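Below is one structure, written out as structure tokens; the observations come after it.
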Amino acid sequence: MTLSLPGFAHVRLPGADGVELAAAVGGGGSPVVLLHGFPQTHLMWRHVAERLAAEHTVICPDLRGYGASDKPAADTSDVYAKRAMAADVVAVAAALGHDRFALVGHDRGALVAFRAGLDHPDTVTHLGILDVVPTLDMWNVLHGVSAAVGYHLFLMAQPPGLPEAMIAGSADAFFGSFLDAWAADPAALPRQVRAEYLRASAAAVPSIVADYRASAGIDIAHDRADLDAGAQLAMPVTVVQQDWGARLGYDAAEVWRAWAPDLDHRLTRAGHFMAEEAPDEVAAAIRDLLAR
């Protein structure tokens, strides 16, 4: 049985281009949209969403291509562009009656949130980012053997066919390796939750690969065009991440400051799955962001 957020309504809503997204919706008050990362679903927000729902309407969709949301075939390069996935999020919020909302994303969801902030500055009021740098910068900071930490980025950037076959042939081992390697506190991913992530990911191999492949192509082009045009994030931005800068040899705060003039950059001792490992810390960072 698919796991979701207890006490939340579970709905299907129209995204962009005829795509429908599954979402959990709960609470009341000003809207906050929470976007999950890889290899996960909206379930990763279960602790943070509960904390925020006392004060906010909390909307937790499965991204296009993930979980219970539609998984359109990647017939063209833009189907899984972060621009299209951001348009999904704006449409889902609008379907619930919200033309402005705060947006927080983790991992892949953070890249969607970043694109939404650039493409929809009058819609996204506050932007929260967990444990990434923008796509263009991500490729720029991966060098030499230290880039091995992101080997999956290179694997899924390959032309269609081989990556999908390799991953589908050992899906639990592949997706499970990230749950094991990236969690500083394995207890934060209980058995049932881990099983749900593995089930959902194994059922979405082609679309997950297409999402990553877009980040080695069309997403770079979109980021570079904005960089060349001097585009920046107009809203308050909070970034919470592990100290990847120290590990990979770059200044993460400086990278983000180039995109976000109104920046609160925080380092955490939690692992990559910080919304599950340190929900109080993450919820507090989101509340601080919303107060700005």
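The values are calculated or read from the model by the stated rules, or taken from the named source; none is laboratory data. Since we're looking at a predicted model, the values are computed, not measured. All Cβ positions, even for glycine, are placed from backbone atoms using ideal geometry, and neighbour counts span all protein chains on display. In case anyone asks, the SASA skips ligands and DNA or RNA and just uses the protein heavy atoms, side chains included. Shrake-Rupley method; radii C 1.70, N 1.55, O 1.52, S 1.80 Å.
A few comments on the model shown:
- In region 271-292, the qualifying residues are those that are out of contact with any helix residue (DSSP H, G or I) (no Cβ under 7 Å at 6 or more places or on another chain) and among the aliphatic types (A, V, I, L, M), and the one that is most open to solvent (accessible area, probe 1.4 Å) is Ala291.
- Scanning region 113-132 for residues that are open to solvent by 10 Å² or more (accessible area, probe 1.4 Å) and either among the β-branched types (Val, Ile, Thr) or not in a loop (DSSP other than H, G, I, E, B) (or both) yields Leu118, Asp119, Thr123, Thr125, His126, Val132.
- Test: residue in region 78-88 that is part of a helix (DSSP H, G or I) and under 22 Å from Glu55 (Cβ atoms): no
- Condition met for Val104 (crowded, with 24+ Cβ neighbours inside 10 Å and outside any strand (DSSP E or B)): no
- Considering region 179-270, the qualifying helices (runs of 4 or more DSSP H), each wholly inside and each with 2 or more residues that are surrounded by 21 or more Cβ atoms within 10 Å (Cβ to Cβ), modelled with pLDDT of 95 or more and of a type in the set (Gly, Ala, Ser), run over 191-202, 205-214.
- For region 73-92, the set of residues classified as open to solvent by 10 Å² or more (accessible area, probe 1.4 Å) and either at positive phi or in contact (Cβ under 8 Å) with a residue 24 or more places away in the chain (or both) consists of Ala73, Ala74, Ser77, Asp78, Val79, Arg83, Ala84, Ala87, Val90, Ala91, listed by residue number.
- Residue within region 109-118 that is β-branched (Val, Ile, Thr) and at pLDDT 95 or above present: yes
Here is a yes/no grid of residues against (1) assigned to a loop (DSSP other than H, G, I, E, B); (2) under 21 Å from Gly117 (Cα atoms); (3) under 17 Å from the mean Cα position of the chain (by Cα); (4) not acidic (Asp, Glu):
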| position | (1), (2), (3), (4) |
| --- | --- |
| Pro6 | yes, no, no, yes |
| His10 | no, no, no, yes |
| Ala23 | no, yes, yes, yes |
| Gly26 | no, no, no, yes |
| Gly37 | yes, yes, yes, yes |
| Gln40 | yes, no, yes, yes |
| Met44 | no, no, yes, yes |
| Val48 | no, no, yes, yes |
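- Residues of region 147-178 that turn out to be surrounded by 14 or more Cβ atoms within 10 Å (Cβ to Cβ) and either under 26 Å from Leu248 (Cα atoms) or at pLDDT below 95 (or both), as a count: 15
- Scanning region 93-118 for residues that are closer than 28 Å to Asp243 by Cα and either out of contact with any strand residue (DSSP E or B) (no Cβ under 6 Å at 6 or more places or on another chain) or free of Cβ contacts under 8 Å to residues at least 40 places away in the same chain (or both) returns Asp107, Arg108, Leu111, Phe114, Arg115, Ala116, Leu118.
- Residue in region 93-101 that is open to solvent by less than 10 Å² (accessible area, probe 1.4 Å) and farther than 25 Å from Leu136 by Cα present: yes
- Residues in region 133-146 that are outside any helix (DSSP H, G or I) and either out of contact with any Asp or Glu (no Cβ under 7 Å at 6 or more places or on another chain) or open to solvent by 10 Å² or more (accessible area, probe 1.4 Å) (or both) were compared, and the one that is nearest to Ala84 (Cα to Cα) is Val133.
- Within region 122-139, residues that are farther than 10 Å from Gly109 by Cα reach partners that are among the acidic types (Asp, Glu) and open to solvent by less than 20 Å² (accessible area, probe 1.4 Å) with beta carbons closer than 7 Å, at six or more positions or on different chains, in the pairs Asp131/Asp107; Pro134/Asp223; Thr135/Asp219; Thr135/Asp223; Leu136/Asp223.
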